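Engineer: The structure is given below, and queries will be raised subsequently.
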């Protein structure tokens, strides 16, 4: 009563989803991360080594939590650190013997990326500098290593439908990815060797997202297409929490025309680290305790929406036996990451927006 009458301060209980915070920081890190570069000697010119940049996800997450606990707006600085430049074969690139060929440098001015085949590597790939003796398998292995360092996956935009405005709005902007065209890079090296050149283009390509936040008005998202509904009254606290955590991961997901909706690719790892708790699960033909009990409430709800909407089902499995929460037999969909999934295809010409309500 004292609290209600205003004679006592009551602090609200606040729970932060640390897994979601780390996920967001990891997405930002993917756009910031840059590999280091070894020193390269081109004739009498030495291009110095350059350290890489990475993001300390743990430290940044702790800083976000600290700022959030203060309950005041603020800007959280991204915690970055340098990574050492790779060793260029114990200095062979910087001081190669005169008998070895000059390095072959591949560069993409647009991205600022540059990789080099140092003299020792060239001697291994092209013995004696003879293009006819090119070991294409060894070259491809080197180029594929570059591709792994260069690759940044695209990230789709997430949207929310604004009922008042009658249109979707962006809640998470899309990010364009990048990749190395391995075949073209190998061809560029092959051509440079044949022509005696020491420079060649590094073919880095932009990878557009399937859901581009700059094209929201062209997506055709105008009205409710279909709704799936299930009920979970009587569920335990842990089961309800798992339903909430799983449903939240689908907030704003957009399925492009002819795109495949994969439940597992969105919910990802069902584990305690991602905020899921122990609860009852259906394990084969029996009940057991496991992390994430209740997630199938969400997959069943999505299945019903897809079924009622007439969308082609790509993958769907039922539970081992009927439980009250899933209603009539045949109207449920079980998942078990990463192997047992629920998938359907958007066979329309418009984009589909998923909006969970718990």
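The values are calculated or read from the model by the stated rules, or taken from the named source; none is laboratory data. None of the values given here were measured: they were computed from a predicted structure. Methodologically, a virtual Cβ is constructed for each residue, glycine included, from the backbone with ideal geometry; neighbour enumeration extends over all protein chains shown.
Engineer: For the range 167-198, name all the residues that are in a loop (DSSP other than H, G, I, E, B) and closer than 30 Å to residue 21 by Cα.
Structural biologist: Correct list: 173, 174, 176.
Engineer: Here is a further query. With the checklist (1) surrounded by 17 or more Cβ atoms within 10 Å (Cβ to Cβ); (2) under 27 Å from residue 167 (Cβ atoms) in hand, flag the one item residue 262 doesn't pass.
Structural biologist: (1)
Engineer: Do we have residue 175 as within 22 Å of the chain's Cα centre (by Cα), outside the structural domain of residue 272 (by TED's automatic domain parsing) and within 22 Å of residue 346 (Cβ to Cβ) here?
Structural biologist: Yes; evaluated as a whole, the condition is true for this residue.
Engineer: Name, by its number, the condition in (1) surrounded by fewer than 18 Cβ atoms within 10 Å (Cβ to Cβ); (2) over 30 Å from residue 214 (Cβ atoms); (3) modelled with pLDDT of 95 or more that does not hold for residue 197.
Structural biologist: Going through the list (1) surrounded by fewer than 18 Cβ atoms within 10 Å (Cβ to Cβ); (2) over 30 Å from residue 214 (Cβ atoms); (3) modelled with pLDDT of 95 or more, residue 197 breaks only (3).
Engineer: It is to be established whether one or more residues within the range 224-239 are touching a helix residue (DSSP H, G or I) at 6+ places or on another chain (Cβ under 9 Å) and on the phi > 0 side of the Ramachandran plot.
Structural biologist: Yes - at least one qualifying residue is present in the range 224-239.
Engineer: Could you please tell me which pairs satisfy a Cβ distance under 6 Å, a separation of 6+ or placement on different chains, a first residue in the range 150-172 that is not assigned by TED's automatic domain parsing to the domain that holds residue 185 and surrounded by fewer than 19 Cβ atoms within 10 Å (Cβ to Cβ), and a second residue that is outside any strand (DSSP E or B) and at pLDDT 95 or above?
Structural biologist: No pair meets every condition.
Engineer: Out of curiosity, is residue 144 farther than 24 Å from residue 212 by Cβ, outside any strand (DSSP E or B) and modelled with pLDDT of 85 or more?
Structural biologist: Working: farther than 24 Å from residue 212 by Cβ: yes; outside any strand (DSSP E or B): yes; modelled with pLDDT of 85 or more: yes.
So residue 144 passes the test.
Engineer: Mind listing whichever residues of the range 56-101 are surrounded by 15 or more Cβ atoms within 10 Å (Cβ to Cβ), closer than 21 Å to residue 146 by Cα and modelled with pLDDT of 70 or more?
Structural biologist: Matches in the range 56-101: 85, 86.
Engineer: When the residues of the range 276-296 are narrowed to those that are surrounded by fewer than 23 Cβ atoms within 10 Å (Cβ to Cβ) and within 27 Å of the chain's Cα centre (by Cα), which ends up modelled with the highest pLDDT?
Structural biologist: 277
Engineer: Now for a different question. Is at least one residue of the range 293-311 more than 26 Å from residue 160 (Cα to Cα), out of contact with any helix residue (DSSP H, G or I) (no Cβ under 7 Å at 6 or more places or on another chain) and either touching a residue at least 40 places away in the same chain (Cβ under 8 Å) or not in a loop (DSSP other than H, G, I, E, B) (or both)?
Structural biologist: No - not one qualifying residue is present in the range 293-311.
Engineer: Return yes or no: is residue 272 surrounded by fewer than 19 Cβ atoms within 10 Å (Cβ to Cβ) and modelled with pLDDT of 95 or more?
Structural biologist: So residue 272 fails the test.
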